[in-house]
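What follows is calculated from the coordinates using simple rules that are stated; it is not laboratory data. Keep in mind that what you see is a predicted model, and the values were worked out from it rather than measured. Positions of Cβ are generated from backbone atoms using ideal geometry, with glycine treated the same way; all protein chains shown enter the neighbour counts.
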Amino acid sequence: MGHQAFWKKTDTDTSEKQAGEELWEQERNIRDNKMEVSILAIPENEQLARMLVTAFVMPLNPTIEELSDIKTAVSEAVTNAIIHGYPKELFFGEEKYVHITCRNEEHTLHVKIQDEGVGIEDVKKAMEPMYTTKPELERSGMGFAFMEAFMDGILVKSKLQKGVTVIMNKTIGKEVCHE
Amino acid sequence: MNPVFEIRRNYLIITVDGELDHYMADQIRLKADTYLEGTRIKNVIFNFQHTTFMDSSGVGVIMGRYKQVRRMKGKLYAVHMNDSIKRIILISGLHKLVCERDSIEDALKSE
C-alpha cells in the first residue's frame, strides 16, 4: 500500500531523496492526503472545524449521509474539547487551541482531535450515553455515543491536566455493500 | 445565523436557520427562556425547514424545552425535519418525546 512510502521521511542524501520522491509519486494513492490545523477553542470555531474536515474528505466522494456522519462526529469531539477540555471558569481569557489532524488513506478518513485541557478522569464513564458533567448547560451526554454511532472506530485517550485525544476513522463508500 | 422566535396563539415557534450546534443551542436556550417565562405559551414548535445540521447540542436544547412545556402540560413539535436530523432524533431517543409534523400549520392544528 502506498501510505508507507507516503509517510517515509526523505533522507538528506539527494539520490536517496530522489528515489524516495519517485516512490512517493508511484505508490501514493491519488486520494492520500494530510491536514493539520489548530483552531482557537471558541464555540464559533466549531462550524469552522466541521467545514475544514468536510472539505478535506470531499475527494473521497462521500455520500450526503456519510458527510453528515463525519460532520456530526467532528462537531461532538471539538465541542467536547471547547466546553469540557477548556472550561470557562479555569481558562477564561486564555488563548487555547484545539488541534485537528486529518489523513486520507485509500478510502478511509482518519481524524484526530486533540486538546491540552483538563482531561477526563474516567474515560469509560464519560463515554456512557446520557452521562454528562454539565447538565446545567443542557448538555445531553450523547456526544461520545454519536461519535461511536457515526464513525467506524473511535479511540479516546486522556491524562488529567494534559488533555484529551480522540482518534476516529471512517471508510467511505461501503454503505452500498451493507444495504 | 440567529434563531428566529415567533409567537402564535399559545405556541412559541423557534426557527433554526443553518446549523444547530453548541453555539446556536446556547443562543436558543438564552432567548427561549425569556419568551417562556411568565407568558401563556404552552407549546413549542421547532421549525427545521432551513436547518442543515444538528448535533448532540441540539438534542440538549430540545430536551430542555421539552421539560419546560411538560411543566405547562403542553407539547413539543418538530416540523420539516430532514433525514439527517430525523436520524439524530431517533438515535438519541427524542422521537419518544417530540411530536413530528410536516409543517407549522399541521402542528398548530393538532391541539
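Can you find a residue that is touching a His at 6+ places or on another chain (Cβ under 6 Å), in contact (Cβ under 8 Å) with a residue 40 or more places away in the chain and within 12 Å of chain B (Cβ to nearest Cβ) anywhere in segment A:68-81? Within segment A:68-81 (the criterion being touching a His at 6+ places or on another chain (Cβ under 6 Å), in contact (Cβ under 8 Å) with a residue 40 or more places away in the chain and within 12 Å of chain B (Cβ to nearest Cβ)), the answer is yes, since at least one residue qualifies. When the residues of segment A:132-163 are filtered to those that are part of a helix (DSSP H, G or I) and surrounded by fewer than 21 Cβ atoms within 10 Å (Cβ to Cβ), which remaining residue is nearest to the other protein chains (Cβ to nearest Cβ)? Looking at residues that are part of a helix (DSSP H, G or I) and surrounded by fewer than 21 Cβ atoms within 10 Å (Cβ to Cβ), I get A:ALA149.
State whether one or more residues within segment B:6-19 are more than 13 Å from the chain's Cα centre (by Cα) and within 14 Å of chain A (Cβ to nearest Cβ). Within segment B:6-19, one or more residues are more than 13 Å from the chain's Cα centre (by Cα) and within 14 Å of chain A (Cβ to nearest Cβ). Among the residues of segment B:34-65, those identified as assigned to a helix (DSSP H, G or I) and touching a helix residue (DSSP H, G or I) at 6+ places or on another chain (Cβ under 8 Å) are B:LEU36, B:SER56, B:SER57, B:GLY58, B:VAL59, B:GLY60, B:VAL61, B:ILE62, B:MET63, B:GLY64, B:ARG65.
Within segment B:66-111, track down each residue that is among the hydrophobic types (A, V, I, L, M, F, W, C) and not in a helix (DSSP H, G or I).
B:MET72, B:LEU76, B:ALA78, B:VAL79, B:MET81, B:LEU97, B:VAL98, B:CYS99
Among the residues of segment B:43-65, the ones that are buried (at least 17 other Cβ atoms within 10 Å of the Cβ) and either more than 17 Å from B:VAL4 (Cα to Cα) or polar (S, T, N, Q) (or both) come to 10 in all.
Tally time: how many residues in segment A:54-71 are part of a loop (DSSP other than H, G, I, E, B) and either in contact with a Cys (Cβ under 7 Å, 6 or more places away or on another chain) or surrounded by 15 or more Cβ atoms within 10 Å (Cβ to Cβ) (or both)? The qualifying residues number 1.
In the set B:VAL69, B:VAL98, which member is in contact (Cβ under 8 Å) with a residue 24 or more places away in the chain, touching a Lys or Arg at 6+ places or on another chain (Cβ under 8 Å) and hydrophobic (A, V, I, L, M, F, W, C)? After applying the criteria, what remains is B:VAL69. Applying the set (1) within 14 Å of another protein chain (Cβ to nearest Cβ); (2) farther than 24 Å from A:SER68 by Cα; (3) acidic (Asp, Glu) to B:GLU105 leaves exactly one unmet item: (1).
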